[in-house]
Amino acid sequence: MIPCVSACSGFLLACLLAFTFQIFYFSPISPDLLELPPASALPTNKHLQEVTKLGEGFLDRPEDVVVDRDGILYTAVRDGWIKRMHKNGSWENWKKIDSDGLLGIATSKEGGLIVCDAEKGLLKVSEDGVVVLATHTNGGSKIRFADEVIESSDGSLYFSVASTKFGFHDWFLDVLEAKPHGQLLKYDPSLNETSILLEGLCFPNGVALSREEDYLVFCESWKYRCQKYWLRGADKGKTEIFIDNLPGSPDNIYLAPDGSFWIALLQVVPNGLEFVHRSKPSKHLVASFPKLANLVNGARRKATVVNVAADGKITRRFDDPVGKVMSFVTTAFEFEDHLYLGSLNTNFIGKLPLNPTNS
Ligand SMILES: *[C@@H]1O[C@H](CO)[C@@H](O)[C@H](O)[C@H]1NC(C)=O
Ligand SMILES: *[C@@H]1O[C@H](CO)[C@@H](O)[C@H](O)[C@H]1NC(C)=O
């Protein structure tokens with residue numbers, strides 16, 4: 001009896017040790033602890049449950065949405081199609097790219113779109129077809145996980161690389177690792193060259209230019225903040241905090257016609273699971289099991305977008321607090337008094353009137 005018990009417990013102990021060794025030794029991450037912002041006092045609401053659904057069933061997780069000056073709406077979806085909706089409401093499969101990593105898109109003055117492809121780099125898509133603009137930085141490193149882009153009036157393209165370590169499909173590992181692997185890049189069309197403006201950023205995601213184009217704002221997702229990067233004036237080349245302690249992880253950001261910004265916020269750390277981000281062993285454990293990572297990632301459970309004035313103050317907030325209609329909202333783009341909402345968990349684009357009483 002006694003020898004059997006000790007043999008069994010010895011075996012169990014050996015299994016446990018092997019399991020622990022396996023997790024630490026083969027863990028895909030080398031994590032730091034993540035400091036989370038204090039809980040937000042802003043009340044939530046259910047406005048995002050009132051959206052009209054555009055292109056329902058036709059759009060597989062439309063991450064980003066833009067509307068060009070002619071009122072044509074564009075989005076890039078998971079099967080590599082760039083789809084567009086004409087003013088009369090009819091949808092068209094416009095251009096196809098062989099990629100399942102199409103993320104941020106931007107309209108170009110010359111017509112067509114600039115597209116971030118998390119596999120290939122930066123692309124230009126027009127009626128004439130697809131042209132690769134940038135695959136490497138001028139230092140020679142390959143551009144992976146290009147995330148969001150904006151074109152300035154001189155034709156320069158500013159874009160983010162969310163992580164130089166993890167790819168798009170492993171984005172949650174970058175959150176778990178919580179080390180700054182991101183970059184802000186600039187593509188100069190006259191030189192056909194891409195320079196690194198900033199490195200060591202915390203999952204830089206959305207990029208937007210201010211109305212005067214004197215600075216840009218980029219969002220650092222797991223840092224719960226957005227920073228300004230000055231393009232002109234005495235502070236040119238410097239960064240400063242635009243807004244921090246956001247009530248969620250900022251994803252894409254867009255300039256609104258009034259000079260404020262719309263920011264989509266992800267709930268990557270659900271309430272009650274903050275401890276995972278404060279313990280390295282639990283990070284290793286979660287990172288080793290994709291199913292566990294899915295459970296711990298709260299992005300599919302709710303949606304929030306905020307409007308932030310140019311002075312960095314939140315002025316409006318829209319939520320779907322339980323993800324009933326919209327969840328994992330990644331983009332809010334304003335056009336003609338409506339918000340167009342992209343998501344990595346819906347098969348439609350949400351459309352929300354901004355001033356329902358007087359429209
Ligand atoms: C809507 O507009 C597009 C582009 O002008 C056109 O090709 C299409 O036939 C129109 N669809 C309908 C139903 O009118
Ligand atoms: C610009 O550089 C890219 C590689 O980063 C290359 O594929 C492309 O052909 C170049 N374009 C021109 C016009 O030279």
Q.
List the residue pairs whose Cβ atoms are under 9 Å apart, where the first residue sits in the stretch 77-93 and is at pLDDT 95 or above and in a loop (DSSP other than H, G, I, E, B), the second is more than 16 Å from ligand 2 (Cβ to nearest atom) and of a type in the set (Phe, Trp, Tyr), and the two are 6 or more positions apart or on different chains.
A. Val77/Phe58
Q. In the list Ser327, Ser343, Ser279, which residue meets the criterion of being in contact (Cβ under 8 Å) with a residue 12 or more places away in the chain, surrounded by fewer than 21 Cβ atoms within 10 Å (Cβ to Cβ) and among the small types (Gly, Ala, Ser)?
A. Ser279
Q) Residue check, Phe333 against (1) out of contact with any Pro (no Cβ under 9 Å at 6 or more places or on another chain); (2) on the phi > 0 side of the Ramachandran plot, all met but one. Which one? A) (2)
**Q.** Test: residue in the stretch 64-75 that is without any contact (Cβ under 8 Å) to a residue 40 or more places away in the chain, within 16 Å of ligand 1 (Cβ to nearest atom) and part of a strand (DSSP E or B)
**A.** yes
**Q.** Answer from Glu119, Glu127 - the residue that is over 20 Å from the mean Cα position of the chain (by Cα) and either closer than 26 Å to Glu199 by Cα or surrounded by fewer than 17 Cβ atoms within 10 Å (Cβ to Cβ) (or both)
**A.** Glu127
Q: Could you please let me know if Asp311 is part of a loop (DSSP other than H, G, I, E, B) and of a type in the set (Asp, Glu)?
A: yes
Q) Among the residues of the stretch 94-105, how many are charged (D, E, K, R) and either within 16 Å of ligand 1 (Cβ to nearest atom) or not in a loop (DSSP other than H, G, I, E, B) (or both)? A) 2
Q. Hey, does the stretch 188-196 have a residue that's farther than 18 Å from Gly104 by Cβ and either away from ligand 2 (no atom under 16 Å from the Cβ) or in contact with a helix residue (DSSP H, G or I) (Cβ under 9 Å, 6 or more places away or on another chain) (or both)?
A. no
(Q) Here's a check for you: in the stretch 23-40, which residue that is closer than 24 Å to Leu173 by Cα and out of contact with any helix residue (DSSP H, G or I) (no Cβ under 8 Å at 6 or more places or on another chain) is modelled with the lowest pLDDT? (A) Tyr25
Q.
Are there strands (runs of 3 or more DSSP E) fully within the stretch 106-173 with at least 2 residues that are more than 16 Å from ligand 2 (Cβ to nearest atom) and touching a strand residue (DSSP E or B) at 6+ places or on another chain (Cβ under 8 Å)? List them.
A. 146-151, 157-161
(Q) Anything in the stretch 172-223 that is hydroxyl-bearing (Ser, Thr, Tyr) and under 12 Å from the mean Cα position of the chain (by Cα)? List them, or say none. (A) Ser221
(Q) List pairs: first residue in the stretch 1-28 and at negative phi, second residue modelled with pLDDT of 70 or more and not aliphatic (A, V, I, L, M) anywhere in the structure, Cβ distance under 6 angstrom, at least six positions apart or on different chains. (A) Ile23/His284; Ile23/Ser288; Phe24/His284; Ser27/His284; Ser27/Ser288
Q) Going through the stretch 41-63 one residue at a time, which ones are among the hydrophobic types (A, V, I, L, M, F, W, C), in a loop (DSSP other than H, G, I, E, B) and at pLDDT 95 or above? A) Val51, Phe58, Leu59
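The values are calculated or read from the model by the stated rules, or taken from the named source; none is laboratory data. Here the structure is a predicted model, which is why all the values come from computation and not from measurement. So basically every Cβ, Gly included, is an ideal-geometry build from the backbone, and we count neighbours across all protein chains shown.
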